1. Please work out which residue is most open to solvent (accessible area, probe 1.4 Å), limiting yourself to region 382-418 and to residues that are touching an Asp or Glu at 6+ places or on another chain (Cβ under 8 Å) and over 25 Å from Ser272 (Cβ atoms).
2. Using the structure shown, decide if Val532 is part of a strand (DSSP E or B) and either in contact with a His (Cβ under 9 Å, 6 or more places away or on another chain) or closer than 21 Å to Val92 by Cβ (or both).
3. If you go through region 219-240, how many residues are closer than 18 Å to Ser613 by Cβ and either open to solvent by less than 60 Å² (accessible area, probe 1.4 Å) or touching a Lys or Arg at 6+ places or on another chain (Cβ under 6 Å) (or both)?
4. Residues of region 570-605 being of a type in the set (Val, Ile, Thr) and either open to solvent by 20 Å² or more (accessible area, probe 1.4 Å) or over 19 Å from Thr534 (Cα atoms) (or both), which ones?
5. Any residue in region 544-560 that is under 17 Å from Asn467 (Cα atoms) sitting within a Cβ distance under 6 Å of a residue that is of a type in the set (A, V, I, L, M) and buried (at least 24 other Cβ atoms within 10 Å of the Cβ)? List the pairs, counting only those 6 or more apart or interchain.
6. Any residue that is surrounded by 10 or more Cβ atoms within 10 Å (Cβ to Cβ), of a type in the set (D, E, K, R), over 26 Å from Gln527 (Cα atoms) and at pLDDT below 65 - is there at least one of those in region 75-98?
7. So Asp145 ticks every box in (1) open to solvent by less than 20 Å² (accessible area, probe 1.4 Å); (2) part of a strand (DSSP E or B); (3) within 19 Å of Ser223 (Cα to Cα) but one. Which box is left unticked?
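The values are calculated or read from the model by the stated rules, or taken from the named source; none is laboratory data. The shown structure was predicted, so the numbers you read here are calculated from the model rather than taken from an experiment. A quick note on method: Cβ atoms are made from the backbone with ideal geometry, for glycine too, and the neighbour counts reach across all protein chains shown. The protein model used for the area step is the full one, side chains on, heavy atoms only, and it has no ligands, DNA or RNA in it. Shrake-Rupley method; radii C 1.70, N 1.55, O 1.52, S 1.80 Å.
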Amino acid sequence: MSYLTDEARASQREANPDLNVPGNSLEDIVAANPARRTILKQGLGLSLAYAFGATSLLAACGDENGGPAPTPTPTPPPTQTPTSFAVEFKPVAKTNADTVTVPDGYVVETLFSAGDAVVPGAVAWSQGTYLTSDQTERVAGGNHDGMHYFTVPHILPNEGGLLAINHELPDFNILIPGIAPGASPNYGALTADQRKIVLSAVGISVVEVRRGSNGKWSVVQNSTYNKRYTGNTTYRVGGPASGIIGATVKGMLNNCASGATPWGTYLTCEESTDNYLDPTQPAQGYGWVVEIDPQGQLAEPTKRTAMGRFDHENVAYMDDANRQVAFYMGDDGTPGCIYKFVPSRAYSTTRAANTDLLDNGTLYVARFNADGTGEWRELTHGKNGLTAGATDPGNVSQGPTTPAVVNFNNQADVLINTKSAARVAGGTVMDRPEWITVAPDKKSILCTLTNNSGRQVTDAANPRTRNLHGHIIKWREQNDSPLAMNFTWEIVLLAGDPSLAAGGANLTGNIVGDTMSSPDGIRIDPQNRLWVQTDHSVPGNSGLAGTTIDQAFGNNAMFYIDQTSKKSTRFLVGPTGCEITGLAYTPDLTTFFVNIQHPTGNWPEAGKAPRSSTIVVRRTDGKPVGA
């Protein structure tokens, strides 16, 4: 979540049978056997030629007179040099420079910015112009956040695909005259058309992207895949709470981070349980996971209420050999809990058969015990105290609280008021759970706990009062099963910097290598390499008088963390005022897509208004990112 979200909401707080089954997807195949990338990139004829030898194929056919073909001399297959995914880049230094800084041998290219055309025929934003509400419905929204790269049929997976990109907040400075970069308007003073413009700048964009012969990536301007889903779009409501909320809801809001399903749909997450941009809409319609098919083949975009209502950050899944799956989610509240949702049935290898899978299942909240064990508490009406007259202890980490009586009369009540239900059931309130990622071997799940400067009461999983700089926690499910009800856990690292020691021990952390504050985005890629992105406020409080947070840590950045040594290595630093967020990649890992959110300086184009943007990061020699 952008710190700007906190400020903005302060006042109100055809079916495709080609399913990418984990282990059989192109990403998994390439990751497990990189030499196959060359074969996968060719057409069918070349693939067969590699497999059997071109002369062998001709011999099998015989000559045109039907006579026997001569026996060919076997041709040995070409020798493939194994691809190395070892992380060997030279780290970049912390900096406050107004640019994107990457290691030597890398190139950064701006791919897609707020106001760029999405829908074919759209009029894009240009310097000095302000688009109408009809026009803004067809261009990129602002504050690019979580995203996912999807392969699609008939496009070579490392040469092109679809990017689904979240828009958390508008880039108000390019929408409404007189608004400075990083600032927000007085919502009450907006005209009706300005309110529509603001709502059009949240939601998601789906764009087709391709790599050119020169290695550069671009958006395919006239692609029929290109679509916008905005705060003015109508969304279907599915699951147990639909009877109360209604069959549809106008808009989605604060699309923060995201995830994907094993059947290739996008899960975009609303990180707000009210619609402060349009308070005429009932609050219970917001704070949900919304499932969207980027190919536009399956059900219309649907809010999946069975997955709970809270300040959703992202979704990460873990499945097993029987296609049972669990979806892990964090509540980026102050504080919030960690959840998992297990559908009532296994998913199908036929995409269309999964259309309602996320409408039926069981939601759980995590309880982290002091002895390093944990359990999943079921959030089902009638269990774990979820009845009429329940007692909610409140946000106990912030100090003394006054318990409140909450009535859970049915499952819809539990799901609409998930935050309270989690506390009643005994879930551990954490320090703002942000992104969650699942390791390829399914032996670990990690979550960034960005910070909680108001924490007064500590526990084993959240050991610091006034946790200004955050930490990362890891757990392992019993038997590495998504259906497990128990787990073990440990803290991976405490963020901070030794130079802040004079401000107290809570500020130093235990990071080995390059230091960071406020870990946010996190992904373990298919080669089991851990990447972390940060979102500290700019400027912000470091905890040490006379030192701002950007002075201590530089601009927000992206790091590689060795999971054995815990050493942190700074890979990328963003421009002035930004948050680094969103991470997606091609199956061969030679292209990384990263989002630069709410820059405030002179980026990405000198002399023009700053705009949130998606960038491409790649090596100039075509090797995997990280080498």
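1. Among them, the one singled out is Val405.
2. The answer is yes for Val532.
3. 4
4. Thr576, Thr586, Thr590, Thr591, Thr600
5. Within 6 Å, the pairs are Leu544/Leu500.
6. Scanning region 75-98, I find no residue that is surrounded by 10 or more Cβ atoms within 10 Å (Cβ to Cβ), of a type in the set (D, E, K, R), over 26 Å from Gln527 (Cα atoms) and at pLDDT below 65, so the answer is no.
7. The number of the failed condition is (3).
Residue by residue, here is whether (1) touching an Asp or Glu at 6+ places or on another chain (Cβ under 7 Å); (2) open to solvent by less than 50 Å² (accessible area, probe 1.4 Å) holds:
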residue: Ser444; (1), (2): no, yes
residue: Thr450; (1), (2): yes, yes
residue: Asp459; (1), (2): no, no
residue: His469; (1), (2): no, yes
residue: Ile473; (1), (2): no, yes
residue: Asn486; (1), (2): yes, no
residue: Glu490; (1), (2): no, no
residue: Leu493; (1), (2): no, yes
residue: Asp497; (1), (2): no, yes
